[in-house]
Amino acid sequence: MKHKGLWIFFIILLVLLVIGIVIWILIFDKKSPSKSNGHSNGGGNGGGNGSSNNNLPPQTTTLRFINNCSYDLMLEGRTGVVTQAGNPNDQPAGIPEPLPGYTTPNLLSSGGYFDYEISSSGLAATRFWPKYGCVSGVCQTGDSDPFWPQGGCPSGVGCSPPADSLFEATWGCSLPNSSSCSFLNPNANNTSTSARVSQTTTYFDTSAVNGFTLPFTVQMSGSSSGACDVQLIDATQLNVANCPISNIGLETSTDLTWYNNAETIGLGCFSPCTYLTYPQPYGLGLPLSNSSTTSPQAQYCCPTPPFTSSSCRAGPVSSTAYTNYIHTATGSNVYAFSYDDAHGLHTCPSSNVKYTVTYCPIGSPAYPATFDN
């Protein structure tokens, strides 16, 4: 009987131990933020805690932007056409114009979306990017010169660096008569057929040539999307907290993180070119010349001339820690430097393809990044 009592005692103890382990897992086993280069992943959009946006209406337009972050964003959308004095949008002269029929920037509410319809006649050199931390029309990111709302840069504050998560596209023409297609450069008054956008192809990219801020995805859908060279650009794991410390031709390795003024938050990650050439206090402000091929800023920015696509790719910019990080984190589908066409440039048929850009997609790291002092 004594032995039987001991067995019962041990069985009860074992059951209590199992129950305790289960409770500990359910309540206390929280996933701790990952760290890299002294950064932590906390304090941002919540990453994978976002909604799946299944409640949004079906996309009927060519291009949709979705904000899966836990905060509102502003969305810029511009063309390659430069504004002239006295323009109807009442914007300063010399700034790329908004898309035809739209104003910019536009509110991209948390959990919401914004749609653009692109004309079937095509549209050249469009560029879109998110703006974070906006208060009274001034944002912590995305207000790069010349896109600050009032033109120029605000006194005492300055413009934010141009290190944005960019989506760019020249939209192909799907009209049966190519003579009705739009021109590549409407300001040139060029009527030659060669100046018109492609009748059959849309060329697009996501670019980290200047740097990046928010993680994102670009999903292609529609009856012709199978003919695109890629159906998904997945930059979910772009993480400012992992912005690399890179050897960019200086005496010491360089932290490319773009910090806020208090140096407590990482707002973005600079490319080597941007860090070397952007004015202080964010960058070094080194001059970029079209006659030098040996300075660090020339080798990492590849100005043309004197660089060609082949000489740029043969140089050190193609193998930096930054380039390797961008390619690894995005499945080698995002531009990391000028002339990175093999990775960044993509094509789709000009008709029957929809593009959906999502910021802070499910599973993405928190943005902005905080770091330990």
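Against the definition (hydrophobic (A, V, I, L, M, F, W, C) and out of contact with any strand residue (DSSP E or B) (no Cβ under 6 Å at 6 or more places or on another chain)), how does Ala321 come out, yes or no?
The answer is no for Ala321.
Within the stretch 181-208, how many residues turn out to be at pLDDT 85 or above and in a strand (DSSP E or B)?
7
What is the residue count in the stretch 323-373 for residues that are part of a loop (DSSP other than H, G, I, E, B) and among the acidic types (Asp, Glu)?
Total meeting the criteria: 2.
Among the residues of the stretch 118-129, is any modelled with pLDDT under 60 and among the hydroxyl-bearing types (Ser, Thr, Tyr)?
no
If Ile233 passes every condition in (1) closer than 30 Å to Asn352 by Cα; (2) surrounded by fewer than 22 Cβ atoms within 10 Å (Cβ to Cβ) but one, which one does it miss?
Answer for Ile233: the failing condition is (2).
Does Tyr300 qualify as being of a type in the set (Ser, Thr, Tyr), in contact (Cβ under 8 Å) with a residue 24 or more places away in the chain and in contact with a strand residue (DSSP E or B) (Cβ under 7 Å, 6 or more places away or on another chain)?
no
The values are calculated or read from the model by the stated rules, or taken from the named source; none is laboratory data. As the structure is a prediction and not an experimental result, all values here were calculated from the model. Quick reminder, even Gly has a Cβ in these numbers, built from the backbone with ideal geometry, and neighbours come from all protein chains shown.
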